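Please treat every number below as a calculation from the coordinates, not as lab data. As the structure is a computational prediction, the values presented were derived from the model and not from experiment. Glycine also receives a Cβ, built like all others from the backbone with ideal geometry; neighbour counts cover every protein chain displayed.
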Amino acid sequence: MPYLGRINITGPEPEVERRQHFVNALSSAMTEGWTSVFAVALSAGDVVGPAAGRVAPARKVLEHHTICYSGGATVTAVMDGDGLDFEEAAAALASLGRHLTTWSPELLQYTLQRVEISRLEQRWDEDHWLPPLDVP
């Protein structure tokens, strides 16, 4: 079952000429993807030993929206994968927040402020998991 996650990052408002750099850095970080050590450890079940060296199960972001605003951004993502449970989805989402705030020099002044996660019972429509950004 897919999970709907939302993270907020906050930091200083970029100077006018740097705003697009902030947006581009967030977009690149999302495109690059990330691996969550926490998710690898949680998905390992009863395996004993360090998480290093374990292969993470296939997990994917099915769809995401990024909304940038003065002093931060909100990223909404739908995540799924075989056997994905609530705890692993929450850990992966927190890891995504860390990834976004450390991926680029443009983002180092930002910090993760909020992580929300819930099950997503149904798609918005047959083509999209999330509603379009222009829908109130």
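Summary table
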read-out	value
Full-extension gain in nm, VAL115 to GLN20, via 0.36 nm per residue minus C-alpha separation	31.8 nm
Built amide H within the under 5 Å cut-off of GLU63, gap 5+	VAL78
Estimated inter-spin distance, HIS64 and ASP134, nm [label 7 Å along Cα→Cβ]	2.4 nm
The stretch 64-76 - phi-based ³J(HN,Hα) in whole Hz, Karplus 6.51/-1.76/1.60, Gly and Pro as x	8, 10, 10, 10, 9, 9, 4, x, x, 7, 10, 10, 10
